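Engineer: Pasting a structure below so you can have a look.
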Amino acid sequence: MNIRWDAVVDPAAVESSRAPPALPHPIIDRNSTDIRVRVQLFGALAALSSQRSFELVLSAGAFVADVIAILGERLGEIFSAQVVDADGVKRRHCRLFVAGYPIENLQTPLYPISDLTEIDIILLIAPEGG
Amino acid sequence: MNMFSPHQFKAAAQEDVWLPSSCALCYSTCSILAHRVDGTVIKIEGNPDSAVGKGRLCGKGVSGIMTHYDPNRLRYPMRRTNPKKGLHEDPGWKRISWTEALDEIAEVLRKVRADDPRKLVVQRTTTVTASRVPLHAFASAFGTPNFSVSGGGQHCGNGAHLISGIMHASWSIVPDFEYCNYAIFFGASKGHSAGHASCSNMGKAADARVRGMKMVVVDPLCNFAAAKATEWVPLRVGTDAALALGMCNVMVNELGVYDGPYLQAKTNAPYLIGPDKLYVRHPQSKMPLVWDRRSGSARPYNDVSAADMALEGEFTVDGVPCRPAFHCLREHLRKFSPDWTENISGIAAATVRRLANEFATEARIGSTIVVDGVTLPYRPVAAIAFRGAQGHKNSVYNFYAVDLLNHLVGAADVVGGCLGFNPTSHGHPETGKVRYIPTAGPDGLMVVGSWMGYHYPYPPPEPRLPKNLGLQDLLVIGMTSPFLDSVDREEMWEKFDVPYRPEVMINFGANLVMSIANKDAVAESLSKYKFIVSFDLFLTETSNFVDIILPDCSYLQSLDARSNFPFIFSLPGGLGEWCWPIRQPVLPSDGEQRQFAEVLLEIADRVGFRADLNAAYNAWLNLEPPYRLTGDTRYSYEEISDRELKNNFGAERGLDWFKQNGIIKWKKKPEEVYWRPFVDVRVPIYWEFLKPIGDKIAAIAEPRGFKIPLEYYDPLPDFLPCRSHCCNKKDFDFYGFYYRDVVHTNSFTMENPWLDEAARLDPFSYTIAINRAEAATRGFTDGQRVWVESESGRKVKGRLKLTECIHPEGLGFAAMCGHWTDGQPIAKGKGVFYNDLLELDFEHMSPVNINLDLCVKVRVTPAEESP
């Protein structure tokens, strides 16, 4: 009997089709509407200017992409080109961590919390052979 | 100081212990048990508790004692006193202290980092897999994108890993040895020699052969795999694509056999292709269109049930004539007739038809099987390839064509088929780490879930005016690059206005002079560096260009928390267990040896970029709170290792736990191993993305006088000849090629006396294999000393070994012998240095993945008999 490839399994029934475990959700400060972040640049990005640490204040509803946009305005195209591609998608070898957790999608929301939200950004080496 | 002081080991004297650790005689990194008696390791065996090797250990692994205890090991730092660098210049080594060495290195690095960090090139051997993260982290933190792995990648990975990644989300491919009934190997020795998951695969392959798996080996030489195969099919060197495409043609156009449902559901076969060879896209969403047979209209692929997608037919969409990609492929294949294949590859047309028929029949298209209670597609055939098939100018198409065989019959990552290893992990049951799964990227095509670096095989980045010395940001399909050392590198950097030049190199264990191509080209490149520092076990031919040599610890003296990770590298494929071993020191350092990873941390402290290095480790190791490294805290490598282990396996399973237990393992699930039905991704049987990449590269390169041969960027594979296939010079009638000897790893193990003895007993390891009948017609005799000369006049000398087990036009060399350094007296003068025949320029590499072309048309002439 010739069984269709896409009829062999029900994707919804298996673990691999499910979303990965969610990252810990920050404890939101209900009294604040501002989001305060501290961005630290490492490696090649840190050499772009004399300043490698930035404290920013964003309005509620901001996304990680907004942080990148502000830094792009301050540091120029040379920063933006290394962090995002022409479509605004984060480059794979640019690793970005919010509160210590990796972020791939720049549309990840930021939240007002009682303390600064730490954002680390570093460019890693792309190629590897062997 | 070394993190493991000698007194710790003295306390263990009079013990008789077996300690779990990891081998490092090749990059398979099999799990071992080291038997230490009174402070001396007297034996090394495989660790039966580990899935990596399963207790088996090859001859190289058991011989590791001799590498460790070699009296020629480096024991203290040295600095050259002769400023002149050259292949035969004596550096005039002078012993210096670690303080002197690190002071000078730090000063050099501080200056270059302040000037332009990209002037630093970081370079490592691939033999020690776990060296990847410390060196990548160091380079990332320093701020240089210029990283290389010597001959690694340029000889194999740029092709094998690229296509395995695009089509199987894995570094390499193997047959599913537990269930495969018919495997065809193209220039691969998986399961029969060195290579990824070597010992594990050897056991699996042996069991498969006992079970009755038919194994066909297509190779110019009948050696490690072919000697154990059911059938050896000798082919003309470098013509693998011709045979594979000939077989595809027979299957599709003569037999009419292909797995339609697979092609519909799991590939881009139904995507409509326009006259410009590109997808026909939805005007708004830009999604590729398919022809929906149910509605009789073109619709985005993600809006149509796979069963309704047309695989063939001529359609018109908004006035544009178009056909499904499979239709284009089927038409394209017609030109690769069995007679054409015979003409190119030398394999009889009848054999091409028979092999295709056997492969198609054994595939059992449409069948299923239940594994551990899960119903899965069953396709017990596999076509695999590795170094031999892809080490050519036609690297991409050779490998792509071989893998098409699998995809035409749906034998990709299903039971019995061709497996990537291990593309999908659901993580440890208690922590969910490490978890990765391929995802659907642009146009629904698969993006790997795990990779060795961040240069993912798909989607390729946009080509741009290059800033990297290797030009991978222009030639974006390439991974590691010959342009760091090629004779045309300066010309290229000038053409593209690369605004800096390499000045400083940190090398870990690579012998670049021998492992890339001809020694003169590499030597010229190395001599241009202002400063080279190298971590080594021994002096090598490359040491002559080094300013400061640092004595590294051997693997028996070293710590690595991830000796076998990523799992896509050397963890065996197929069912079984996930397994995370560590490497731990079982012996103290000798003299002033120090493990390179610890030294790199100290250099970062001295130069003043520890905070960057901590951030880089966080990123490379994916450390999450509370295990992230913070600020510029001076963690030891042991502390970093401890954090990584706890991050992945829980607070109770840190380094101490692993030192005691050696490994952690857990059972693989069928839906991890045979993941393809469970993950909604497609793979390209039509590489539509290649054409625009080629066009964009050409648009940047050609105005600057760099011609891009766009025939290599066509979406469908072809046979495009190597330089050797076009050589008509009189008397140049052999195709020289090299193979990886089973008893040696690259140029590294030649110094090991046990392996040298084994190689001297082997009639082929140190000789040049030539077809007995062809030798007779030329009057050559067994053992005769000959010159082998390339078209461009490069010459190597060696002794012939006459054999029936080589293609009549082939001339086979075991790789990377022929050392000449006094620093390795066992290795010196043994075997033939094949790489010295290789040219190192754009004309001798794949224009797509910048893999070197490793075959050379040669002339063989008698040589004098003097030693």
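We did not get these values from a lab; they are worked out from the coordinates using the rules stated. All values reported here derive from a predicted model rather than from experimental measurement. Reconstructed Cβ throughout: ideal geometry from the backbone, glycine too, with neighbour counts over all protein chains shown.
Engineer: Do the alpha carbons of any pairs in B:K467/B:K691; B:K204/B:K797; A:K90/B:K286; B:K84/B:K393; B:K519/B:K665; B:K335/B:K669 sit beyond 32 Å of each other, and which pairs? List each step's numbers first, then the result.
Structural biologist: Values: B:K467/B:K691 23 Å; B:K204/B:K797 38 Å; A:K90/B:K286 21 Å; B:K84/B:K393 36 Å; B:K519/B:K665 44 Å; B:K335/B:K669 43 Å.
Violating the 32 Å Cα-Cα cut-off are B:K204/B:K797; B:K84/B:K393; B:K519/B:K665; B:K335/B:K669.
Engineer: Report the Rg/Rh value for the range A:85-130, based on alpha-carbon coordinates and the Kirkwood definition of Rh.
Structural biologist: Ratio value, two decimals: 1.06.
Engineer: Roughly how big is the range B:131-274's charge dipole about its Cα centre, with Cβ charges of +1 (Lys, Arg) and -1 (Asp, Glu), in debye to the nearest 20?
Structural biologist: 280
Engineer: Hey, another quick one. Go through B:V62, B:F142, B:A51 and say which Cα lies farthest out towards the positive end of the charge dipole of the protein assembly as shown; charges sit on Cβ, +1 for Lys and Arg, -1 for Asp and Glu.
Structural biologist: The Cα lying farthest towards the positive end belongs to B:V62.
Engineer: Another question about this same structure. Considering all projection directions equally, how large on average is the shadow of the alpha-carbon convex hull of the range B:724-862, in square nanometres?
Structural biologist: Numbers: hull surface 35.3 nm².
Projected area, direction-averaged: 8.8 nm².
Engineer: For the range A:29-123, compute the orientation-averaged projected area of the C-alpha convex hull (one quarter of its surface), in nm².
Structural biologist: Spelled out: convex hull of the Cα atoms, projected over all directions, averaged, 5.6 nm².
Engineer: Where the only charges are on Cβ atoms (+1 Lys, Arg; -1 Asp, Glu), what is the dipole of the range B:590-683 about its Cα centre, to the nearest 20 debye?
Structural biologist: That gives a dipole near 560 debye.
Engineer: Here is a follow-up. How much net charge surrounds A:R95 when only other residues with a Cβ under 11 Å from its Cβ are counted (Lys, Arg +1; Asp, Glu -1)?
Structural biologist: +1
Engineer: Here's another thing I want to ask about it. Gap in Å between the Cα centre of the range B:153-215 and the Cα centre of the range B:504-550?
Structural biologist: The distance from the Cα centre of the range B:504-550 to that of the range B:153-215 comes to 32 Å.
Engineer: What whole number of Å gives the distance from the Cα centroid of the range B:722-774 to the Cα centroid of the range B:415-464?
Structural biologist: 36
Engineer: Separate question: Aspartates and glutamates near B:K43 by alpha-carbon distance under 13 Å, same-chain residues fewer than 8 away left out - which ones?
Structural biologist: Cα-Cα hits under 13 Å: B:D16.
Engineer: Calculate how large, on average over all directions, the projected area of the Cα convex hull of the protein assembly as shown is; give the answer in nm² to one decimal.
Structural biologist: For the protein assembly as shown, the mean projected area of the Cα convex hull comes to 39.0 nm².
Engineer: Add -39500 (n - 2.57) for each DSSP H run of 4 or more in chain B, then divide by its residues: what number comes out at 222 nm, to the nearest 500 deg cm²/dmol?
Structural biologist: -7500 deg cm²/dmol
Engineer: Now a separate question. State the answer as a single residue: which of B:P847, B:I32, B:C328 lies farthest towards the positive end of the charge dipole of chain B, with beta carbon charges of +1 for Lys and Arg and -1 for Asp and Glu, about the Cα centre.
Structural biologist: B:I32
Engineer: Right, another one. Once Lys and Arg get +1 and Asp and Glu get -1 on their Cβ, which of B:V504, B:V476, B:N518 lies farthest toward the positive end of the dipole of the range B:458-532?
Structural biologist: B:V504
Engineer: On the principal axes of its Cα set, how long, how wide and how thick is chain B? Give whole Å, largest value first.
Structural biologist: 78, 70, 59
Engineer: Give me the net charge for the shell around B:E45: Cβ to Cβ below 14 angstrom, other residues only, Lys and Arg +1, Asp and Glu -1.
Structural biologist: +4
Engineer: Which order do B:C322, B:C180, B:C58 fall in if you start with the one that has the fewest other Cβ atoms within 10 Å?
Structural biologist: Working: B:C322 25, B:C180 29, B:C58 22.
The most exposed by this proxy come first: B:C58, B:C322, B:C180.
Engineer: Rg/Rh for the range B:194-300 to two decimals, with Rh computed the Kirkwood way over all alpha-carbon pairs.
Structural biologist: A ratio of 1.15.
Engineer: How large is the charge dipole for chain B, taken about the Cα centre, if only the Cβ atoms of Lys, Arg (+1) and Asp, Glu (-1) carry charge, to the nearest 20 debye?
Structural biologist: Working: 93 positive and 100 negative charges, 69 e Å.
Its charge dipole is roughly 340 debye.
Engineer: Under the definition of Cα pairs under 8 Å and six or more residues apart, what whole-number percent is the relative contact order of the range B:677-748?
Structural biologist: Relative contact order for the range B:677-748 comes out at 25 percent.
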